[in-house]
Amino acid sequence: MTAAETRPDPESVGAAATPQRQGREEVVFHLDGLSVHYGEFPAVKGVGLDVRRNEITALIGPSGCGKSTVLRSLNRMNDLIEIAKVSGLVEYHGVDLYGPAVDPVEVRRQIGMVFQKPNPFPKSIYDNVAFGPRIAKTDDDLDGLVEQSLRRAVLWDEVRDKLDQSAYALSGGQQQRLCIARAIATSPDVLLMDEPCSALDPIATLRIEELMVELKSDYSIVIVTHNMQQAARVSDRTAFFTVDESVTGHRTGILVEFDQTGKIFTNPSNPKTEDYITGRFG
Amino acid sequence: MTADTTTPTRIAVAAKLQGRRVGWGESAFQLATLIGLLLSLGVLVALLADIVAGAWSVVTTRGADFVSTPISLSADTAGVLNGIIGSVLLTIVVAVVAIPLGIAAAVYLEEYAADTRPTRFIQTNVRNLAGVPSIVYGLLGLGVIVRLVTALGAGGSANGRNIIAGGLTLAVLVLPIVVITTSEALRAVPAGIREAAYGVGATQWEVTRHQVLPAALPAILTGTVLTLARAFGETAPLLLVGAATGFFATGGQGLMEQLSGTYTALPVVVYSWSRQPDGAFRDELAPAAILVLLVLLLAANAAAIIIRNRSERKW
């Protein structure tokens with residue numbers, strides 16, 4: 001099964017599935033019927049949701065529910081896994097992200113990513129931030145860009161005197177903010193964050209959360225998190241995923257509910273969501 | 001909480017926590033491992049002592065003269081200069097040929113090749129090649145490389161059994177080791193570094209060139225220096241591709257003549273001297289040549305360790 005065969009016609013599906021969409025330009029990502037297979041087995045199936053501009057969208061759910069897989073299909077990181085096959089529709093500002101003319105390298109320049117474990121390059125702090133702009137060859141004023149990115153990531157004051165030192169000399173929380181600075185140095189439009197605080201202590205977590213809220217005025221953010229309080233604190237909309245074995249006989253992730261974060265956490269429409277957020281499972 | 005209720009608990013806990021005496025089985029095992037260590041060390045020390053004892057008179061009477069004079073039929077004036085020159089030139093040929101080829105092959109296997117049955121077949125067999133006895137490579141060198149070198153017009157006065165052929169043979173011999181050590185170095189680069197580089201929009205080439213290779217470089221360099229040391233000490237294949245005579249290589253010629261003429265190498269000098277009927281060659285000069293070889297190999301290993309420590313990275 002290839003992506004092209006199973007992908008529905010963008011126009012008809014988009015219009016039919018989300019009649020409540022408020023103005024096309026507000027929607028950064030429009031997902032419909034998104035499934036990702038690893039080899040034979042579907043890791044996640046039939047996901048449909050819209051990510052809106054200047055909002056934080058949280059993907060929550062128990063382990064193995066496919067939330068990271070969905071996140072990684074938004075900047076075509078799944079392309080790096082040979083056996084991963086994406087089907088269904090992923091539209092980015094109305095453009096089919098998996099269309100034949102789309103270059104995954106360009107996609108990743110527009111859509112930055114921050115990973116679970118802080119993963120700075122084994123280079124200096126400066127070179128970490130400068131790597132993206134350098135390879136994109138947009139380095140008119142590299143020093144200025146590095147400073148601006150570090151300032152935006154609220155790291156500048158801590159590292160301004162040691163830009164040439166190894167990034168590994170920083171604490172875990174500082175490293176993660178460096179990774180955020182590195183991601184925004186290429187001036188992306190969206191930031192994808194895959195459990196960015198799971199390796200950090202509560203204080204570092206708080207700083208990253210404050211940073212996310214601040215960054216959403218310039219970026220649209222999609223965050224995967226295990227931490228429900230985090231989703232409740234920072235996000236505008238929340239998608240709750242769970243694992244369903246009944247559909248295929250394998251552990252397949254499905255989207256249970258997607259709504260305003262306030263509604264998901266106070267008055268979810270699906271009892272499974274309520275069970276999860278009240279701690280009855282997961 | 002009163003003492004009455006805690007005391008029995010305390011006694012029971014104290015009894016549970018009491019150390020057991022070491023059983024005789026454990027002591028015997030410890031002793032056996034110690035004997036294993038001492039035996040292997042002992043053999044090494046005896047070997048070194050024997051070599052140093054044999055070489056002592058040469059080291060004390062000849063000193064630096066021994067490494068700076070050419071080979072001679074007279075035991076009083078014979079030195080290992082030709083051997084050192086030959087070995088260094090061979091090692092340079094090996095480095096120039098095997099390192100780029102081996103690193104390129106490993107980068108292709110690890111970074112570019114799809115994980116398919118043929119790829120895995122090749123990876124397995126590169127490992128097998130590294131285990132092939134070196135004399136087999138000598139036969140390959142004699143049968144194929146010497147002829148190839150001659151056919152390409154680089155046979156020179158040695159009819160193809162020259163440093164170029166010898167170096168190429170050693171290069172083929174160590175190539176699988178370069179591929180394996182480089183592959184392992186590349187595999188040890190954390191996946192997070194690759195993901196991060198792809199994440200900011202790097203192409204596969206940029207990821208490999210700017211992140212993966214630099215991160216793997218210390219390990220690649222260390223492995224490469226050790227590989228060259230292996231080539232430096234190799235004897236058997238060289239005996240087949242022309243170094244067996246061991247007496248004709250001379251300095252002072254043009255580089256091409258040196259590379260295409262007859263030659264010798266340090267381990268071959270040792271081999272050749274230890275078979276001489278003259279006792280001075282067999283019992284004094286050969287150990288002294290071994291000592292020179294060992295010092296050079298130890299220097300190479302030390303260089304590898306220094307490179308590794310200097311550029312060691314933690315992640």
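The values are calculated or read from the model by the stated rules, or taken from the named source; none is laboratory data. Note that the structure is predicted; figures quoted are calculated from it, not measured. Don't worry about glycine lacking a Cβ; one is built from the backbone with ideal geometry, like all the others, and counts go over all protein chains shown.
Only one entry of B:304, B:299, B:289, B:265 meets the criterion of being closer than 29 Å to residue B:168 by Cβ, more than 14 Å from chain A (Cβ to nearest Cβ), without any contact (Cβ under 8 Å) to a residue 12 or more places away in the chain and among the hydrophobic types (A, V, I, L, M, F, W, C), and that entry is B:299.
Quickly run through the stretch B:193-212 and pick out the residues that are in contact (Cβ under 8 Å) with a residue 24 or more places away in the chain and facing chain A (nearest Cβ under 7 Å). The answer is B:193, and nothing else.
Scanning the stretch B:130-151 for residues that are within 30 Å of residue A:80 (Cα to Cα), without any contact (Cβ under 8 Å) to a residue 60 or more places away in the chain, in the same structural domain as residue B:289 (by TED's automatic domain parsing) and hydroxyl-bearing (Ser, Thr, Tyr) turns up nothing. Of all the listed residues (B:189, B:179), the sole one being more than 14 Å from chain A (Cβ to nearest Cβ) and crowded, with 20+ Cβ neighbours inside 10 Å is B:179. Residue-level check: of (1) within 12 Å of chain B (Cβ to nearest Cβ); (2) buried (at least 23 other Cβ atoms within 10 Å of the Cβ), residue A:153 misses just (1). When restricted to residues that are surrounded by fewer than 20 Cβ atoms within 10 Å (Cβ to Cβ) and either within 14 Å of chain B (Cβ to nearest Cβ) or assigned to a strand (DSSP E or B) (or both), the stretch A:196-209 contains 2. The residue of the stretch A:100-132 that is nearest to the chain's Cα centre (by Cα), among those that are farther than 16 Å from residue A:189 by Cβ and within 7 Å of another protein chain (Cβ to nearest Cβ), is A:115.
If the condition is being crowded, with 24+ Cβ neighbours inside 10 Å and either within 13 Å of chain B (Cβ to nearest Cβ) or over 13 Å from the mean Cα position of the chain (by Cα) (or both), then the stretch A:52-67 contributes A:61, A:65.
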